[in-house]
Amino acid sequence: MPLALIALLLTPTTAALLAVLALIVVVAVFVFLFLGARSRKREDEARVREELAARERESEFSSAVDHTPYSKSVAEAAKGLVAVLQDHLWLPVLAVYAGRERDAKLLNTLQPVPGSTLIGPTYNATLPAAVESSLAKLYSRPAMSHLDTIVRAAYGTSQGSPGAPASQGNVEHGVAPGESSMEAAVEAGHQVGGEPSEHRDAPEESLTIHSTQPAPGTDVWILPWRGPFGWTGLIVTGTQTGVNLETLEGYRALIGRLTDRVAAALEIESESEKLLTLDESVSRMVEFSSALISCLDEPAPLVAITREVARLVGADSAALWRMEQGSPMIRMAASHGLRSAEFLPLPVGQGLSGTVAASGEVLAIENAPADPRCIFPREARESGIASYLGAAVKSNGNIIAVVEAHNANPHDWQEDQRRSLEAAAAIVAQIVKTTDARGDRLKVESAYLGLSEALQRLRSRDEVLEAAAEVLGHALGVSRAVIVELGEEGTAQPVRHEYRLESVKSALGVVFAPSLAERVTTAGGEPIAIGDSREQPLAGPEGVSELQILSELAVPVRIEAATRAIVYLHQSDRLRDWQADEIEFADRVARQLGLSLSNVRALEAASAEARSAKEDARRARETASGAEALQKQVDQLERDFTSARSAENQTRTMLAHASGLEAKARADADAARRGETEARHDAERLAADCVRAKNASQQLLEINRLKSEFIVNAGREIDASLQSVLGLAEMLEQGSYGQLGPEQLEAVRGIYNWGRRVKSDVDWLIEYGSARSRRLEPASQPTNAETPES
């Protein structure tokens, strides 16, 4: 059989058929290969066209980004970003959230936000005006999310994972499944998929670009961005067919260039707002400085200053506390707007003002009565002090006062208010310094007028010199004031007139070195002021060491163009920089002293000549024995009388000149008396105010003492009663009155425990009342510094 089959196949007909079949197979193979190659070519061409289209779109997108200009307006920058994304990626932009990395909220730059500079055009977006900044931290790259997630982030509901699945079972993009719908936002009172109620009526600006609004609960793209200057945010867009995560990731760098423009606009507007705030602050300080100048002309300049301070920082009230000289206390000098202007002096370091005076730093407290540094919280509330802002007033590095502002309600003081109060404190320091200088000047002028009046009444040389030393010592506050008289040859005589403090060694009887008279005489009548006597001593090293002189001032007393005495002032407790007005005052006193000594010398000479003439006449009458001798004596007497009359005329002339000077000095003294009377009235009024303030403070202290005693006594009475209750409870627990059941034992133990707790509170109350009494006790007695001068 196989041989027969082989023979059949080898026939010509069969061979032809086999050849035809083989040819058909070969042709089919070639056709299949040709069609496959053509299909692959078409696929390659399609892929190339897609790549070229993608590159062309990317090129167009990059060109659009490059042609989008930078703008100083956030609205314009956001508008450019929206236009590029919609024209080239066909993505409807719903919101562009932006904010600093440290901000709590991200604001939508496409919606007007009340109270914010981030105001731009209103696109018909379904998203709120602001979201929590924590939402941006959930995204590091483009992702798909539910619209519900953004709404919940805006209204403070739980956020969960960023977004819900775009489709059922889709967790490809890192989106958590099972997100809830918008029901939580609806229940919270917000319109689903819309703006918050307070922003619905915001003005809108129509644009040529309108986005398609997704329905509530639909998917959105979230594109995180981070720009320069610390700005960051999210771009929320609607979804678009043909756009996926890979596409968005590829355009991320280009989108970043767009958001850089938004960040630049945000930074420009932020800096503009800061500059505007700075300009307003400078304008307020200029107005404050101008107002302070006018305050000096008011009857109560310090009260007017506190009024301007309150107006500067926008406070309800203000006050100025002054440091007491020679005492570690601070006292309120003026106030404005307080319900009660009577405050007790505070030790430095205690109370709010005392704390500022001790530290020298700005102190800002939102709730002052609740602060432990507030000594009298109840009085603070009653006076209208709920929040406190204080700054130290410094002069030459020393704290001389404290200026403070208050609000009647708790208030969070802003940084610009703190800076404004610090600047105001620097200006007030100069005003206070000027006011003190005026007061010192008035004191010096009053002393000079008093000296002039006293010298007009004195007729003895010693009295005049003693009065001059006393006035100079008191008026200038020196350690020692002496009058050094010079002899005929210009040598210093022993000191016979001085004023000194009790702690300073006396200079009576001391003869100063010749160098003192030489230097004063050769100075041409000008005063000599030495701040450090250890370097250039007038009295010589021995005199400076013996009398412990640190600073000295020497003023010549000139009579008839010659130096006849020296007013010599010493400072022994410190180095002193002699001021120009102090030197001028000492020079004026020296000139007045010279005039008074000249008058005294003229009066003494006239009196001596009159006594001599009387003695000569008496002797002439006793020795007259004959006519000739009498005639000679008469002639002599006539000559003597003529000479005496001439001397008397000279004396009268000198007396007339002295009377003119006296009349002028008396006119000056009358003016001084009027000034003194006004000053005395002011002093009496101030003394009355001081007495009233002291009486009020004594009453307050007495009330506080009575309150403390009541607290202690009531606490002790309650403590005694509690002791009895605890004893009975303890006896009940021990079975002294019969066995108790479990519930009864539990009740007794509860009574005992609560009694112990109440006893602890009562003990604390007693300790508090005792401590309050001890704290108030030292202030109940007036100190020497607080006793008004008579």
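The values are calculated or read from the model by the stated rules, or taken from the named source; none is laboratory data. Since the model is a prediction, treat every value here as computed from it, not as a measurement. Cβ coordinates were reconstructed from backbone atoms using ideal geometry, including for glycine residues, and neighbour counts include every protein chain displayed. Surface areas here come from the heavy atoms of the whole protein model, side chains and all, with no ligands, DNA or RNA. Shrake-Rupley method; radii C 1.70, N 1.55, O 1.52, S 1.80 Å.
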Self-check item: Residue list for region 386-411, restricted to those being open to solvent by 70 Å² or more (accessible area, probe 1.4 Å) and modelled with pLDDT of 90 or more
Solution: Asn409, Pro410
Exercise. Check Ala714, Ala720, Ala729 and return the single one that is hydrophobic (A, V, I, L, M, F, W, C) and in contact with a Phe, Trp or Tyr (Cβ under 6 Å, 6 or more places away or on another chain).
Key: Ala729
Quiz item: When you go through (1) over 18 Å from the mean Cα position of the chain (by Cα); (2) open to solvent by 50 Å² or more (accessible area, probe 1.4 Å); (3) over 22 Å from Gln698 (Cβ atoms) one by one for Glu342, which number turns out not to apply?
Solution: (3)
Exercise. Can you confirm whether region 69-87 contains a residue that is open to solvent by less than 10 Å² (accessible area, probe 1.4 Å) and assigned to a loop (DSSP other than H, G, I, E, B)?
Key: no
Practice problem: Those residues that are touching a residue at least 60 places away in the same chain (Cβ under 8 Å), outside any helix (DSSP H, G or I) and hydrophobic (A, V, I, L, M, F, W, C), I need them from region 213-272; list them, please. | Solution: Val220, Trp221, Ile222, Leu223, Trp231, Leu234, Ile235, Val236, Val243
Practice problem: Evaluate region 526-534: report whether one residue or more is open to solvent by 60 Å² or more (accessible area, probe 1.4 Å) and more than 16 Å from Leu486 (Cβ to Cβ). | Solution: yes
Quiz item: What number of residues in region 365-377 are open to solvent by 70 Å² or more (accessible area, probe 1.4 Å) and either among the polar types (S, T, N, Q) or touching a residue at least 12 places away in the same chain (Cβ under 8 Å) (or both)?
Solution: 3
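Evaluate the following for His657: is it farther than 30 Å from Ile375 by Cα and either surrounded by 15 or more Cβ atoms within 10 Å (Cβ to Cβ) or under 39 Å from the mean Cα position of the chain (by Cα) (or both)? Explain how you work it out, then say what you get.
Working: farther than 30 Å from Ile375 by Cα: yes; either surrounded by 15 or more Cβ atoms within 10 Å (Cβ to Cβ) or under 39 Å from the mean Cα position of the chain (by Cα) (or both): no.
It is false that His657 is farther than 30 Å from Ile375 by Cα and either surrounded by 15 or more Cβ atoms within 10 Å (Cβ to Cβ) or under 39 Å from the mean Cα position of the chain (by Cα) (or both).
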Quiz prompt | Failed item, numbered, when Ala380 is tested on (1) of a type outside the set (Asp, Glu); (2) open to solvent by less than 40 Å² (accessible area, probe 1.4 Å); (3) in contact with a Leu (Cβ under 7 Å, 6 or more places away or on another chain) | solution = (3)
Exercise. Output the residues belonging to region 547-604 that are in a loop (DSSP other than H, G, I, E, B), open to solvent by 60 Å² or more (accessible area, probe 1.4 Å) and of a type in the set (A, V, I, L, M, F, W, C).
Key: Ala561, Leu575
Exercise. Identify the residue in region 307-328 that is more than 18 Å from His411 (Cβ to Cβ) and open to solvent by less than 40 Å² (accessible area, probe 1.4 Å) and, among all such residues, is modelled with the lowest pLDDT.
Key: Ser327
Quiz item: Could we say that Gln698 is within 38 Å of the chain's Cα centre (by Cα) and at pLDDT 80 or above here?
Solution: yes
Exercise. Identify all residues within region 345-360 that are open to solvent by 40 Å² or more (accessible area, probe 1.4 Å) and among the hydroxyl-bearing types (Ser, Thr, Tyr); write none if there are none.
Key: Ser359
Self-check item: Residue that is modelled with the highest pLDDT [pool: residues in region 536-563 that are farther than 24 Å from Asp581 by Cα and among the charged types (D, E, K, R)]
Solution: Glu546
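Yes/no matrix, rows are residues, columns are (1) under 17 Å from Phe343 (Cβ atoms); (2) touching a residue at least 24 places away in the same chain (Cβ under 8 Å):
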| position | (1), (2) |
| --- | --- |
| Glu382 | yes, yes |
| Ile385 | yes, yes |
| Lys394 | no, yes |
| Val403 | yes, yes |
| Ala408 | yes, yes |
| Gln414 | no, no |
| Leu421 | no, yes |
| Ala424 | no, yes |
Quiz prompt | Where Ala291 falls short, out of the listed (1) modelled with pLDDT of 85 or more; (2) under 19 Å from Ala424 (Cα atoms) | solution = (1)
Practice problem: For region 737-758, enumerate the residues that are open to solvent by 70 Å² or more (accessible area, probe 1.4 Å) and either farther than 19 Å from Asp719 by Cα or not aliphatic (A, V, I, L, M) (or both). | Solution: Tyr737, Gln739, Pro742, Glu743, Gln744, Glu746, Arg749, Asn753, Trp754, Arg756, Arg757
Self-check item: Within region 711-736, tally of residues that are among the aliphatic types (A, V, I, L, M), within 23 Å of Ile766 (Cα to Cα) and either open to solvent by 50 Å² or more (accessible area, probe 1.4 Å) or in contact with a strand residue (DSSP E or B) (Cβ under 7 Å, 6 or more places away or on another chain) (or both)
Solution: 3
Practice problem: Would you check which residues across region 534-546 are within 44 Å of the chain's Cα centre (by Cα) and not in a loop (DSSP other than H, G, I, E, B) and list them? | Solution: none
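Go through region 137-148 and report how many residues are assigned to a helix (DSSP H, G or I) and surrounded by 24 or more Cβ atoms within 10 Å (Cβ to Cβ).
2
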